[in-house]
There are 4 protein chains.
Amino acid sequence: MAKIRVTVWNEGRHEKSSEAVKKVYPKGIHGQIAAALKKEADIEIVKTATLDEDEEHGLSEAVLAKTDVLTWWGHMAHGDVKDAIVDRVQKHVLEGMGLIVLHSGHYSKIFRRMMGTGCGLKWREAAEMERLWVVSPSHPIVEGLGQYIELPHTEMYGELFDIPQPDELIFISWFEGGDVFRSGCCWNRGAGKVFYFRPGHETYPIYYDKNVIKVLGNACRFLARPKKTAYSLAAPHVPVSLNPIPKKD
Amino acid sequence: MAKIRVTVWNEGRHEKSSEAVKKVYPKGIHGQIAAALKKEADIEIVKTATLDEDEEHGLSEAVLAKTDVLTWWGHMAHGDVKDAIVDRVQKHVLEGMGLIVLHSGHYSKIFRRMMGTGCGLKWREAAEMERLWVVSPSHPIVEGLGQYIELPHTEMYGELFDIPQPDELIFISWFEGGDVFRSGCCWNRGAGKVFYFRPGHETYPIYYDKNVIKVLGNACRFLARPKKTAYSLAAPHVPVSLNPIPKKD
Amino acid sequence: MAKIRVTVWNEGRHEKSSEAVKKVYPKGIHGQIAAALKKEADIEIVKTATLDEDEEHGLSEAVLAKTDVLTWWGHMAHGDVKDAIVDRVQKHVLEGMGLIVLHSGHYSKIFRRMMGTGCGLKWREAAEMERLWVVSPSHPIVEGLGQYIELPHTEMYGELFDIPQPDELIFISWFEGGDVFRSGCCWNRGAGKVFYFRPGHETYPIYYDKNVIKVLGNACRFLARPKKTAYSLAAPHVPVSLNPIPKKD
Amino acid sequence: MAKIRVTVWNEGRHEKSSEAVKKVYPKGIHGQIAAALKKEADIEIVKTATLDEDEEHGLSEAVLAKTDVLTWWGHMAHGDVKDAIVDRVQKHVLEGMGLIVLHSGHYSKIFRRMMGTGCGLKWREAAEMERLWVVSPSHPIVEGLGQYIELPHTEMYGELFDIPQPDELIFISWFEGGDVFRSGCCWNRGAGKVFYFRPGHETYPIYYDKNVIKVLGNACRFLARPKKTAYSLAAPHVPVSLNPIPKKD
């Protein structure tokens, strides 16, 4: 069976400017996510891509055309992502490519584009314990997990999370400091799917957690671009002639 | 990979009393559905089961325990299905077994139980042409279909269909006589899924149509009981002691 | 404008057998809820009704026919509610009557009937602080609230709550002990609506909290039986003759 | 009670260039919609606004600030709407303003912005009969309607309509030529709501139909900006300090 082709995108700016970040993620956040996913037997990494690697942020049409799932991490430079690349990623999602948006990617242009809302939230850096409760117990994304994932030290994200109500709500987080958050959310968009997954940060070593990685692998399987869809959404606005209605015999 | 274990249930009364039905379905509606699904490489038929075959309508605990997906066709004898068997089927769905409800099964005890609504609809037998439009173009249930399925002669079912709004609406039917119908609908219930699929009738040869069979096969794949879920729903009401909150380091 | 006609139902058994409960709710849980709602200018209380008051648990056809919203509190005697009364309440909901299910009512026959699932959950009596976060900021049910409701001492209810994903998720609770819960959930059923609202207990004085009462009043407004619906769901299964399609001019 | 303040927006280009359109809508499509809504006792028209009336297409910040519901009709000049105005309208919707998108407005920048999808569809001009079936029988938007609305001659819109699955599906259309369409759809976005309503055209006299107008009036009531929401979404991305958790007594 063909492997799921995953492209791992990372803004990659923190890694350049901060020793603390470099220490946690010496090969970049993208490097760690790609290395972890590569261990899954049914996943292959098309490439890692970063904001500054070339004029297209590493996301040429050719790359996206062979990508089944794109993961997105960004934080300090959302505004530097070119609108033309956002348009291109959106087009691929509508045609079936899966999009996994991670942590501070909630405020990226592409996530806001796919949602239609502001995508704001509350946040606090206090190294709080987080417990992500599973509320969709048989969803493919939680396969192999227990009732919750626990992360000892995290940046808190709190409600109100300004998103459309998810088609499927999968995780709700509890934070030590008194907040809750819809931490795992799926939406259908065109022939594709979007999954927002909260865990992650540039200095907490979240992407080394085996349950977080398990969710990412499961999500790649669940969001993988379908081989063929009943409709092409590439040319969605179609004038049609009268469908002949067969006459009764 | 283990095959999907499907049990095909049929009321089986029309076939006893009507020559017309026997002519279309000489081995019963269940016989035809089972024969068609058996041709799929990844599906095995646990058994066919009928209302009158034994005290448990062929649906013993042992049978359901090894069933990943149960298909349900009934029409003239919904009231003869024992409540204890309905309880048992519901329990298995909540624990993960898929349930495919076909055509006049909309009025079965088990479907009404899973929905919480009356599940009524309009109907008319006028051999109308039906076109089932796909409105969820990349859903696994429509894999391999075109933009619609066309059936030349069907019993009409029309709105209002008294169901909860589906979690995923997959087909909308157009009927020659001026009606529409939500013909393919998915709901999550506990760890399991329910799929209602409208096509079918005791005298129109609907279950010989290759696209209808394709949908049934796809639905078996989509609804198959997950291997393990994050929660057991068999004992859902659980007193718990205080979860220890790990202290900060 | 006609007032919203509310019937407040309470099992009423704890109040008979426990001095502690009598002390908190001297006129019964129903008495307190009715007294609080009666203060709203646009609400009238049809009656309070209890399990043991008569053969029909106080819920005759005549009472329900003039009820726009029914509130339901039960806990220790769910099994004593007659199936015929459950059938009757369900019929009225499908025809448009609002149903507000409170706290331990999650395990009542009528709530399980409307949901189709087991409706189990986790629970713990440890007088924990609860914070109910609003996640649907402009919903009529939260009108007049701030970002959350805080209750200093509550019985904890935790996920997994075995319900169908709500049509509208309105509150998510945070509990001191590390749990979260979908505490305010709306579902459409037929022409009616069901609202589950978690707060409440027989000994914590929850129904004296002004924000809890505000939510109950808002919910009565939001769930009130519509004057006339486009369909009658009383006779839902309807054979229809061919709709004439007007000929083109 | 304060009236609902409605602003009626129309591209207004067809009316300039086509005698046929001028004949059907001598005061513009906006003029007719505003005239019809003005007759409702609880609605006031803030203003009608058109693409070419000024630099801001008639939609200044001051106008939107006093608008509870904005209706949008556009067709031939979607690309001429300035992005800054689209940003402004989106901001107001997220803060609570209702947005009613009509007919060919499906392809407007603002609708695509709110949806995140391509919003394409099939279409055919063959003066077909359309029957809009109500599938949400007690929704406020269908108050006062029967089971369906019938329009004798319409432009056909057919599936696949490239939208996110609606939060509430209210109408499904049947067309003479064999197509169906999700013709009345509601989505929640931030503190606001979006309603797409299919009927309308520049030469068919759809906005003179009393049932179409009834739906528009109902929709204005349902989508009206709430007086106060539990959250301000104007500044959605908020760093917060640690919420103090009250200590147990």
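The values are calculated or read from the model by the stated rules, or taken from the named source; none is laboratory data. Just so we're clear, the structure is a prediction, and the values are computed from it rather than from any experiment. Quick reminder, even Gly has a Cβ in these numbers, built from the backbone with ideal geometry, and neighbours come from all protein chains shown. The protein model used for the area step is the full one, side chains on, heavy atoms only, and it has no ligands, DNA or RNA in it. Shrake-Rupley method; radii C 1.70, N 1.55, O 1.52, S 1.80 Å.
Side notes on the structure shown:
- Which listed residue is more than 22 Å from B:CYS186 (Cβ to Cβ) and within 16 Å of the chain's Cα centre (by Cα), from D:PHE175, D:PHE195, D:PHE171: D:PHE195
- Here A:ASN188 clears all of (1) open to solvent by 10 Å² or more (accessible area, probe 1.4 Å); (2) at pLDDT below 95; (3) of a type outside the set (Lys, Arg) except the condition numbered (2).
- Looking at region D:26-106, the helices (runs of 4 or more DSSP H) lying wholly inside it that each contain 1 or more residues that are acidic (Asp, Glu) and surrounded by fewer than 20 Cβ atoms within 10 Å (Cβ to Cβ) sit at D:61-65, D:83-94.
- Single residue of A:LEU102, A:LEU64 found to be in contact (Cβ under 8 Å) with a residue 40 or more places away in the chain and in contact with a Phe, Trp or Tyr (Cβ under 9 Å, 6 or more places away or on another chain): A:LEU102
- Checked against the criterion of being surrounded by 21 or more Cβ atoms within 10 Å (Cβ to Cβ), among the hydrophobic types (A, V, I, L, M, F, W, C) and assigned to a helix (DSSP H, G or I), region A:194-204 contains not a single residue that satisfies it.
- Qualifying positions in region C:10-53 - touching a Gly at 6+ places or on another chain (Cβ under 7 Å) and modelled with pLDDT under 95: C:GLU15
- Subset of region D:123-136 that is at the interface with another protein chain (Cβ under 7 Å from one of its Cβ atoms) and buried (at least 17 other Cβ atoms within 10 Å of the Cβ) - its residue that is farthest from A:ALA191 (Cα to Cα): D:MET129
- Across region A:137-155, the qualifying residues are those that are open to solvent by 40 Å² or more (accessible area, probe 1.4 Å) and in contact (Cβ under 8 Å) with a residue 24 or more places away in the chain, and the one among them that is farthest from B:GLU95 (Cα to Cα) is A:HIS153.
- C:PHE181 out of contact with any Lys or Arg (no Cβ under 9 Å at 6 or more places or on another chain), touching a residue at least 12 places away in the same chain (Cβ under 8 Å), buried (at least 23 other Cβ atoms within 10 Å of the Cβ) and more than 10 Å from chain D (Cβ to nearest Cβ): no
- Residues that are among the polar types (S, T, N, Q) and more than 10 Å from chain B (Cβ to nearest Cβ) within region A:137-178 comprise A:THR154, A:GLN165, A:SER173, listed in sequence order.
- Output for region A:158-193, where each listed residue is of a type in the set (D, E, K, R) and in a loop (DSSP other than H, G, I, E, B): A:GLU159, A:ASP162, A:ASP167, A:GLU176, A:ASP179
- Checking D:GLY120 against (1) within 9 Å of chain A (Cβ to nearest Cβ); (2) out of contact with any helix residue (DSSP H, G or I) (no Cβ under 7 Å at 6 or more places or on another chain); (3) open to solvent by 10 Å² or more (accessible area, probe 1.4 Å), the condition it does not meet: (3)
- Check on D:GLY118, assigned to a loop (DSSP other than H, G, I, E, B) and either over 22 Å from D:TYR207 (Cβ atoms) or modelled with pLDDT of 95 or more (or both): yes
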